[in-house]
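Here is the structure we will look at.
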Amino acid sequence: MDWWRIVHVLSLIWLGAGLGATYPLILRAWATKELRTRATLLIEAANNETRVLLPGAMASGITGFFWAVAAEYNFIKDAWLGILTLLYIFFYFVCLPLLGFGLRRARLAALVAQKKGEETEELRQVLEDRVPIVFGTILVLSVPLLAWLAVFKPF
């Protein structure tokens, strides 16, 4: 069981590194007005999302599941674990893909605008949409909630 705990904590660090490598770039991209900088930030955020954040989210879910099984927790009797599992499924199977779709759409619009050398209507629409900001914020706020459930086991 201790081995799974160590591996799970390492995967949570990986997940945190992915959020830390992705979310600030999204915020900076929406805050800046310069097209080249905005395109670079969106491209880097999309790359970090697929290279660091997604594998970290998958690793934390898999190791958390195996740690719970090794510790002989019951997903029904331990209500906190059931709720934690449902929240994980929502955050990482609904919000994370929506963040990824929004980032890829923004990256593509930024590349097209960068190639044309001017801000396009599509890029303006994507930046007004704010999908990556909304779902990135939800994901960042989910980490303390999920950690609170796992540490304090309130029910």
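Evaluate segment 34-48: report whether one residue or more is surrounded by 14 or more Cβ atoms within 10 Å (Cβ to Cβ), within 30 Å of F152 (Cβ to Cβ) and of a type in the set (A, V, I, L, M, F, W, C).
No - not one qualifying residue is present in segment 34-48.
Looking at (1) under 28 Å from T32 (Cα atoms); (2) at pLDDT 90 or above; (3) loosely packed, with under 15 Cβ neighbours inside 10 Å, which is the one condition that is false for F152?
The failed condition is (1).
Go through segment 43-78 and give me each residue that's closer than 23 Å to I26 by Cα and of a type outside the set (A, V, I, L, M, F, W, C).
E44, N47, N48, E49, T50, R51, P55, G56, S60
Within segment 99-109, is even one residue surrounded by 13 or more Cβ atoms within 10 Å (Cβ to Cβ), among the aliphatic types (A, V, I, L, M) and over 22 Å from I43 (Cα atoms)?
Taking every residue of segment 99-109 in turn, none turns out to be surrounded by 13 or more Cβ atoms within 10 Å (Cβ to Cβ), among the aliphatic types (A, V, I, L, M) and over 22 Å from I43 (Cα atoms).
With respect to A79, determine if the residue is touching a helix residue (DSSP H, G or I) at 6+ places or on another chain (Cβ under 8 Å), open to solvent by less than 80 Å² (accessible area, probe 1.4 Å), more than 20 Å from A110 (Cβ to Cβ) and modelled with pLDDT under 95.
no
Return the residues of segment 15-28 that are within 16 Å of Y92 (Cβ to Cβ) and surrounded by fewer than 18 Cβ atoms within 10 Å (Cβ to Cβ); say none if nothing qualifies.
G16, A17
When both residues are 6+ apart or on different chains and their Cβ atoms are under 9 Å apart, which pairs have a first residue that lies in segment 16-41 and is closer than 19 Å to T120 by Cβ, and a second that is in a loop (DSSP other than H, G, I, E, B) and open to solvent by less than 40 Å² (accessible area, probe 1.4 Å)?
Matching pairs, first to second residue: R38/T32; L41/T32.
Among the residues of segment 54-72, how many are assigned to a helix (DSSP H, G or I) and open to solvent by less than 70 Å² (accessible area, probe 1.4 Å)? Can you show your working first?
Let us first name the residues in segment 54-72 that are assigned to a helix (DSSP H, G or I), namely 54-70.
After this cut, where a residue has to be open to solvent by less than 70 Å² (accessible area, probe 1.4 Å) as well, the list is 54-57, 59-61, 63-64, 67-68, 70.
Result for segment 54-72: 12.
The values are calculated or read from the model by the stated rules, or taken from the named source; none is laboratory data. Quick caveat, the model's predicted, so the values are computed rather than measured. Cβ coordinates were reconstructed from backbone atoms using ideal geometry, including for glycine residues, and neighbour counts include every protein chain displayed. In case anyone asks, the SASA skips ligands and DNA or RNA and just uses the protein heavy atoms, side chains included. Shrake-Rupley method; radii C 1.70, N 1.55, O 1.52, S 1.80 Å.
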